[in-house]
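The structure appears below as structure tokens.
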Amino acid sequence: MMEIIPAIDIIGGQCVRLTEGDFSRQTTYDSNPLDVAKRFEAAGIKRLHLVDLDGARAKKPVNLAVLETIAANTNLTIDFGGGLQSDEALKQAFDAGATQITAGSIAVREPETVKEWLFNFGAEKIIIGADFKGTNIAISAWTEESKYPLQDFMSGYLKTGARIFICTDVSKDGKLQGPSINTYKHLKLTLPNAQVIASGGVTTIDDLEQLQEIGVKGAIIGKAIYEGTISLKDLERFIC
């Protein structure tokens, strides 16, 4: 069964969503992320994707207190990302209650560092963030499409022991226009050992059914829940 993974993005301690990663296109949905997390847990959700957007800009974790509060007051399995640029930052995230961390831009800029993390912490603890536009990796806070093919990026990390990838189509993120079904199909065919978590554009239950049919490990849902195009009750059929 495909894992359903709601996203909580944090700015200033509040639950927000951006469109295409643009900080000027921010919508605030709730002032208390713990309340949001508890609603997810009450609906049977097991996983949470928690992103420290302030940390991403500061290049160091900023909202660890939010992570600690959610981890201490729910039983959710939390993967945490945003500003994780050093061994110390990883230690802080794990100490605050993260079960996994997502290595985002650092996975592109400093692959040797991330390879060390995979060796030291294990492939189940380190998720590789594979943000893409078109067929290539997106860089510079999603503003540029690099010349680094998504498939080559993932293949390289598979060879060094990585297994789990959050693949985010940044051109669709926060726009409620549907996910990149063909991209995920291609990745599952060409990189069968990769555990792909689809992210970006998930809008309807039909989107989730298509992703499940492809065989992705999980699907991250953000704006669709907050805007009501997918309800927590709708998700019951995907939750064991």
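The values are calculated or read from the model by the stated rules, or taken from the named source; none is laboratory data. Everything numeric in this text was worked out from a predicted model, so none of it was measured. Methodologically, a virtual Cβ is constructed for each residue, glycine included, from the backbone with ideal geometry; neighbour enumeration extends over all protein chains shown. With ligands, DNA and RNA removed, areas are computed over all heavy atoms of the protein, side chains included. Shrake-Rupley method; radii C 1.70, N 1.55, O 1.52, S 1.80 Å.
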Sum up the charges of everything whose Cβ sits under 15 Å from the Cβ of GLU112, counting Lys and Arg as +1 and Asp and Glu as -1, but leave GLU112 out.
-> 0
For the chain, what is the accessible area per residue in Å² when the probe is 1.4 Å?
-> 43 Å²
Per-residue HN-Hα couplings for the range 123-136 [Karplus 6.51, -1.76, 1.60; θ = phi - 60°; Hz; x = Gly/Pro] | 5, 7, 9, 10, 9, 8, x, 10, 7, 9, 10, x, 10, 10
Cα→Cβ-extended label distance, 7 Å offset, between SER231 and ASP95, nm = 4.4 nm
Most fluctuating of LYS185, LYS38, LYS91 in the GNM of the chain (C-alpha, under 10 Å) is LYS91
Any idea what the relative contact order of the range 100-240 is, in percent, if you count C-alpha pairs under 8 Å spaced at least 6 apart?
-> 18 percent
Can you give the convex hull volume per residue for the Cα atoms of the range 80-237, as a whole number of Å³?
-> 115 Å³
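Below 8 Å between Cα atoms, with a sequence gap of 6+, how large is the relative contact order for the range 72-134 in percent?
Relative contact order of the range 72-134: 31 percent.
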How far is the Cα center of the range 2-74 from the Cα center of the range 174-229, in Å?
-> 19 Å
Candidate lysines for bridging to LYS175, where Cα separation is under 30 Å - those fewer than 8 sequence places away on the same chain excluded | LYS38, LYS46, LYS59, LYS60, LYS125, LYS133, LYS147, LYS185, LYS188, LYS217, LYS223, LYS233
Place the peptides 117-126, 167-176, 217-226 in order of packing, highest mean first, counting for every residue the other Cβ atoms within 10 Å and averaging per peptide.
-> 217-226, 167-176, 117-126
Once phi is turned into θ = phi - 60°, what whole-Hz ³J(HN,Hα) does the Karplus curve with 6.51, -1.76 and 1.60 give for every residue of the range 110-122, x standing for Gly and Pro?
-> 10, x, 5, 4, 5, 4, 5, 4, 4, 5, 7, 9, x
Just read off the accessible area of ILE197 with the full protein assembly in place, 1.4 Å probe, to the nearest 10 Å².
-> 0 Å²
Contact order relative to length of the range 159-240, as percent, for alpha carbon pairs under 8 angstrom and 6 or more apart | 30 percent
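If you roll a 1.4 Å probe over the chain with all protein chains in place, what percent of the accessible area is carbon or sulfur? Numbers along the way, then the final one.
Numbers: 4870 of 10370 Å².
The C+S portion of the solvent-accessible surface of the chain is 47 percent.
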Looking only at the range 5-19, which residues have a backbone nitrogen under 14 Å from a spot 7 Å from the Cα of ALA58 in the C-beta direction?
-> 10-14
